[in-house]
Amino acid sequence: MHNQLILIVEDDWEIRETMEKYLSRAGFRTDYASDGTLGLAHFQMLKPDLVILDIGLPRQDGLDVLAQIRRRYDTPVIMVTARDDPVDELQGFRLGADDYIIKPFHPGVVVERVKAVLARYRSRGASRLIRFENLAVDLNAHAAYVNHPTGATEIALTITEFKLLARMAEFAGRVLPRAELIDACFTENSPLEATINTHIHNLKRKLSDAGAGVWPRTVRGIGYRLEKGNV
């Protein structure tokens, strides 16, 4: 039995009830909300293990709900939609969706997708070591290394620089909004934009000096993304 809590945010009650039935049979606990605003409230209150989130919701659409979740949490989210629109799909992944399912679908497929996404998160959490290209971030040791054929070079980082790098490495390739990085990496007063820009600039320099094959790219008006390439 899984006993993990799945929050279903879906306004079609037939689809919602069917998903609840199949997930319950698979050993999951479920809760539901019928619109985006309620879904966000239930998420804040229950802290579920995974969210199944429809895009076309009343009051607040699913993409907006996903963006608000990603400001503070890395809870796995599977997007569901009746719109076979690649723009929606691309936007969902850019905002941090873990999977994307288009209606109509067999509810058994949803159960298997839920299991697969949760397994990926368990594996990531157990290792506590994030690798991206030749960069390795050890969350347990609070250290970052660049691997070379001759050995590993440790990068001398401040606490804030390490937090920023670890967060971006965990979601490598995804644009992380400045607000999300501030919430995740700055525990005291929110810094000025110039302050976080300075941290990113210093991080770029240190990655370059260590010979890293990745760099934090500034995405104007949004935030930052860790991607392949020389600094």
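Rule-based calculations on the coordinates, nothing more; no lab input. The structure displayed is predicted, hence computed values, not measured ones. Note: ideal-geometry Cβ built from the backbone for every residue, glycine included; neighbour counts use all protein chains shown.
Taking only the C-alpha atoms of the chain, Rg followed by Dmax gives 19.2, 59 Å.
As I understand it, the value is the acute angle between the Cα axis of helix 86-95 and the longest principal axis of the Cα atoms of the chain; what does it come to in degrees, rounded to 10? Computed tilt is about 60 degrees. Rounded to the nearest 10 degrees, the angle from helix 107-127 to the longest Cα principal axis of the chain is 30 degrees. Simple spin-label estimate for residue 90 and residue 227 gives 1.3 nm between the two label positions (7 Å along the Cα-to-Cβ direction from each Cα). Helical runs (DSSP H, four residues minimum) scored at -39500 (n - 2.57) apiece and divided by the length of the chain put the mean residue ellipticity at 222 nm at -14000 deg cm²/dmol. From the Kirkwood radius over Cα pairs of region 128-228, Stokes-Einstein at 20 °C and 1.002 mPa s returns a whole-number translational diffusion coefficient of 158 µm²/s.
Of 213, 3, 100, which is farthest on the positive side of the dipole of the chain, counting Cα position, with +1 on Lys and Arg Cβ, -1 on Asp and Glu Cβ, and the Cα centre as origin? My answer, from the dipole projection, is 213.
In summary, region 47-143 shows an alpha-carbon radius of gyration equal to 1.21 times the 2.2 N^0.38 Å reference for compact globular proteins.
Which angle from 0 to 90°, rounded to the nearest 10, does the C-alpha axis of helix 36-46 make with the longest principal axis of the chain? Value to nearest ten degrees: 70.
By the beta-carbon count within 10 Å of each Cβ, the least crowded to most crowded order of 206, 228, fewest first, is 228, 206.
The gain in end-to-end length when the residue 156 to residue 103 segment is fully stretched comes to 14.2 nm, 0.36 nm per residue minus the alpha carbon separation.
Counting beta carbons within 10 Å around each of 25, 174 and listing the fewest first gives the order 25, 174.
Per-residue extension of 0.36 nm, minus the Cα-Cα distance of residue 183 and residue 141, leaves a gain of 12.9 nm for this segment. Note on the chain: antiparallel DSSP beta bridges, both residues inside, total approximately 55 percent of the bridges counted. Distance between the pseudo-spin-label points of residue 64 and residue 217 (7 Å out from Cα toward the beta carbon): 3.0 nm. With 26 Å as the limit on Cα-Cα distance, the pairs of 163/228; 47/163; 47/206; 115/228; 47/115 that go past it are 47/206; 115/228. Summary of packing: across the peptides 47-59, 95-107, the per-residue average of other C-beta atoms within 10 Å ranks them, highest first, as 47-59, 95-107.
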